[in-house]
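Comments concern the structure below.
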Amino acid sequence: AQTVTQSQPEMSVQEAETVTLSCTYDTSENNYYLFWYKQPPSRQMILVIRQEAYKQQNATENRFSVNFQKAAKSFSLKISDSQLGDTAMYFCAFMKHEAGNTPLVFGKGTRLSVIA
Amino acid sequence: DTGVSQNPRHKITKRGQNVTFRCDPISEHNRLYWYRQTLGQGPEFLTYFQNEAQLEKSRLLSDRFSAERPKGSFSTLEIQRTEQGDSAMYLCASSSPQDIYEQYFGPGTRLTVT
């Protein structure tokens, strides 16, 4: 079974600064996907960024980038130029690469507060 | 495309009552997932549909829970004889045949059992 661990329950960052959220996972799979989802207060979960395990290059999406270390089973999210709208719960998630059922396995989340 | 919708958004019920939630996935998304999220936790997988077929159920889905997707479009999740431990946010997600690895989530139904 796969597990995802987010060791930072809460973090805060000043507006315009950079913050890094940590995530580690455990799996015996070789092919899989990793995701960061954002869940703003009282709003639905949206995908921030995704990484295919077979790709060595780290994924980036505008101000969001990841540091994927496959051997260390680490998948951190860096948010640059933090904005007030980045305030949310952030969940790291794992998904096996297969054609059948592909449920997401989530960590417990990190609550990020961006301070003006 | 209006996204995944869920109804109701909030439900308060007394212990022992039955409740039913509805999820409307994005049009033409053939895969549909139900997750449960309790306070301070990440979502946990409950069950999965591909078209109208329910292909997998988590051990979290007790006999009091039943899910359907009769025409391969919307889905319902029913909880019979609710217990206080059923209080949670119930999330629905869907994905398309073109990209089965990206799931789009609905806003959830928050259930409170008193």
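The values are calculated or read from the model by the stated rules, or taken from the named source; none is laboratory data. Since the model is a prediction, treat every value here as computed from it, not as a measurement. Cβ sites come from the backbone with ideal geometry, for glycine too, and all protein chains shown count toward neighbours. Heavy atoms of the whole protein, side chains included, go into the accessibility calculation; ligands, DNA and RNA do not. Shrake-Rupley method; radii C 1.70, N 1.55, O 1.52, S 1.80 Å.
Details
- Of all residues assigned to segment B:30-42, at least one qualifies as being within 24 Å of residue A:4 (Cβ to Cβ) and among the β-branched types (Val, Ile, Thr).
- Condition met for residue B:58 (at pLDDT below 95 and within 27 Å of residue B:114 (Cβ to Cβ)): yes
- Test: residue B:105 is under 15 Å from residue B:9 (Cα atoms) and within 11 Å of chain A (Cβ to nearest Cβ): yes
- All of B:38, B:76, B:112, B:82 fail the test of being more than 29 Å from residue A:90 (Cβ to Cβ), open to solvent by 20 Å² or more (accessible area, probe 1.4 Å), among the β-branched types (Val, Ile, Thr) and in contact (Cβ under 8 Å) with a residue 24 or more places away in the chain, apart from B:76.
- Residue pairs whose Cβ atoms lie under 7 Å apart, sitting 6 or more positions apart in sequence or on different chains, and linking a residue in segment A:58-72 that is farther than 16 Å from residue A:23 by Cα to a partner that is open to solvent by less than 70 Å² (accessible area, probe 1.4 Å), are A:61/A:48; A:61/A:49; A:63/A:79; A:63/A:80.
- Residues in segment B:19-35 that are out of contact with any Phe, Trp or Tyr (no Cβ under 9 Å at 6 or more places or on another chain), touching a residue at least 40 places away in the same chain (Cβ under 8 Å) and assigned to a loop (DSSP other than H, G, I, E, B): B:28 alone.
- Residues of segment A:48-65 that turn out to be open to solvent by 50 Å² or more (accessible area, probe 1.4 Å) and within 11 Å of the chain's Cα centre (by Cα), as a count: 1
- Among the residues examined, residue B:99 does not qualify as at pLDDT 95 or above and either open to solvent by less than 50 Å² (accessible area, probe 1.4 Å) or touching a Gly at 6+ places or on another chain (Cβ under 7 Å) (or both).
- Across segment B:85-96, the number of residues qualifying as open to solvent by 40 Å² or more (accessible area, probe 1.4 Å) and within 14 Å of chain A (Cβ to nearest Cβ) comes to 0.
- All positions within segment A:79-116 that are crowded, with 16+ Cβ neighbours inside 10 Å and away from chain B (no Cβ under 14 Å): A:79, A:82, A:86, A:87, A:112, A:114
- The residues of segment B:41-73 that are touching a residue at least 40 places away in the same chain (Cβ under 8 Å) and open to solvent by 40 Å² or more (accessible area, probe 1.4 Å) amount to a single one, B:73.
- Residue among A:39, A:69, A:44, A:56 that alone is polar (S, T, N, Q), within 11 Å of chain B (Cβ to nearest Cβ) and more than 15 Å from residue B:102 (Cβ to Cβ): A:39
- Of the residues making up segment A:82-116, those that are over 18 Å from residue A:40 (Cα atoms) and either part of a loop (DSSP other than H, G, I, E, B) or in contact with a Gly (Cβ under 6 Å, 6 or more places away or on another chain) (or both) are A:97, A:98, A:99, A:100, A:101, A:102, A:103, A:104.
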